[in-house]
1. Measure nothing fancy, just the Cα-based angle from helix 370-384's long axis to the longest principal axis of the chain, in degrees from 0 to 90, nearest 10.
2. With unit charges on the beta carbon (Lys/Arg positive, Asp/Glu negative), name the residue among A435, L461, S425 whose Cα is farthest towards the positive pole of the charge dipole of region 343-492.
3. Percent antiparallel among DSSP beta bridges with both residues in the chain, to the nearest 5?
4. What does the charge add up to near A244, with Lys and Arg as +1, Asp and Glu as -1, over the other residues with Cβ less than 13 Å from its Cβ?
5. So what is the 222 nm mean residue ellipticity for the chain from helices alone, if each DSSP H run of at least 4 adds -39500 (n - 2.57) and you divide by all residues, rounding to the nearest 500 deg cm²/dmol?
6. Can you tell me the FRET efficiency between E48 and H70 if r is taken as the Cβ-Cβ distance and R0 is 22 Å, rounded to the nearest 0.05?
7. Can you compute the charge dipole magnitude of region 16-178 about its Cα centre, using +1 on each Lys and Arg Cβ and -1 on each Asp and Glu Cβ, nothing else charged? Give it in debye, rounded to the nearest 20.
8. Need one number: nm distance between label points at A467 and K278, each 7 Å from Cα along Cα→Cβ, rounded to one decimal.
Amino acid sequence: MTRLKGDAHACEVTMTVLAQLDPGLKQFFNRIDSAPTPRDEVLATLLEDWKDKRADLIAPPIAALEPVAHASPQAAFIFRRAKTAERDYVLHAGAEAVRPLIGEEGDTRLLSDAAFPRGSVRLRMLFEFVCRTGEPISATFTTHGADGGRIVAEIVVAPLSGDGRSIDAVFGGVLLRPVAAAAAGPAKSAAAPAPLLFSFARDIEFGGRVARAMGLELSLLEEREFEDGEHKARPLESVRGRDAFVIASLNGGGGHSANDRLCRLLFFIATLKTNGAKSVTAVTPYLCYLRKDRQTKSRDPLTGRYVAELIEAMGADRVITIEAHNVAAYQSSFRIPTLHLDAYDAFARHTAEKVGSAEVTVVSPDLGGGKRADSFRERLEKQLGRPVGKAFMEKQRSAGVVSGDLFAGDVKDRVAIIIDDLISSGGTMVRVAEACMARGAREVRLIATHALFSQGAEERLARAPIAELLITDTVQVDAAASPLGERLAIVSVAEIFSAAITRCQAPSGS
Ligand SMILES: O=P(O)(O)OC[C@H]1O[C@@H](O)[C@H](O)[C@@H]1O
């Protein structure tokens, strides 16, 4: 079965289909359920009360739920849509229930004016969802209580109607449970406040994995899309004097091009600096444009260097990436400190389990990837405790056409493991896999850190003579829908990134 390795907490983030339609919601909650069935008795009773009063109506009237709210002051609440402010709400009943989440309401009693912005943003998102769909919803998230301890909040929200025709209020219940100290992650010393980790909606799953591996929550940001394709993102909490890490993979796909994602990251780095962040680190699991690292034709651009200059110009203090196309070019393009990570240990552990006692050869699909293949080969030798052979194939690419037939090294009767930094069309991997089989390999396994998978790549790879393709989660891949089926394996590099961020925070880190 295809599993995401190295992410023990991945299953904590469960989303219904409804929530998946709205990726913006993912960064705010651990779980969202559009068919709420609360296990907790208090929330279950509140939901039953709401269902009773709803009967055949679009939504029950506010007056019908008021007695229920007053009877459970520590759990139930009612908010009305604000008349004066769009997409805002006024507390109608239940201040005691919501105070741990939103703090004191301000003078205007608007939700947006409450003391704790994180809590009020979360409630507003749920209220908006309910007002839009006309159906109840439940959600859980982890937050900090007034005493600084971590708590899990479970919320149920259901629609109400003042005039019987439109939904203009919400009824709900909230339950707070302290999280056991052992599960609360590393203690934070007063001298070194925890870093702020930000992820855009498209990166929320990977960002969430990194945050959980560090025992932290992602910091909230608001993303707005404008009709003409422009966008804005702003942090929803103060960043003044803090170390901020922005996790953004810069691959195209899912409706956003690499350019869109790069632009979003650039603006957000600048926004954090404008608003007083002490340092900003661009954490780019996949950093785009690095493939053009030298001039191969007259007047060629050096796009990797230009991206580096843009990131620096926005005020970034550091960059972290994994498996750059050309490590030397990546490191020398930036004047700010760079961290370069790799997943070779994780790849070696996975591969050692699969190859058993077979003789193994690590194959580089081109001369440029020779160092990468050799680094991985050394880790695999260590893992296997026996020598591993090496081989490489010639590759030239001109005007999109790949050529070159030279093949050096022995793969006959051996497991051939082809390792590359990324897969785009899949053409490179398929070509070398076929060459290995033609030279008598007993099986071919592929490894690539970044699964960019352009149109048709997975189908092409699925038809190739390969036993397995091992990738990482730097780029989001729908493994369940992949034509590679059981032959696709994914290893998470979230813990590798979380360890790197932690190193940056160490007193002598840079
Ligand atoms: O052949 P496809 O998958 O399109 O492209 C991937 C190759 O293109 C190179 O720059 C990468 O290093 C890799 O070898």
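1. 80
2. Among A435, L461, S425, the one farthest towards the positive end of the dipole of region 343-492 is A435.
3. Working: 43 of 88 bridges.
DSSP beta bridges in the chain are roughly 50 percent antiparallel.
4. Details: positive: R234, R240, R242, K273, K278, R318; negative: E237, D243, D317.
Net local charge, A244 excluded: +3.
5. Numbers: 14 runs with 156 residues, N = 510.
Calculated at 222 nm, the ellipticity per residue is -9500 deg cm²/dmol.
6. On the way: r = 17 Å, r/R0 = 0.78.
Calculated transfer efficiency: 0.80.
7. On the way: 19 positive and 22 negative charges, 76 e Å.
Dipole size: approximately 360 debye.
8. Between A467 and K278, the simple spin-label model gives 5.0 nm.
Every read-out reported here was derived from the displayed coordinates using simple, explicitly stated rules and does not represent laboratory data. Here the structure is a predicted model, which is why all the values come from computation and not from measurement. Cβ sites come from the backbone with ideal geometry, for glycine too, and all protein chains shown count toward neighbours.
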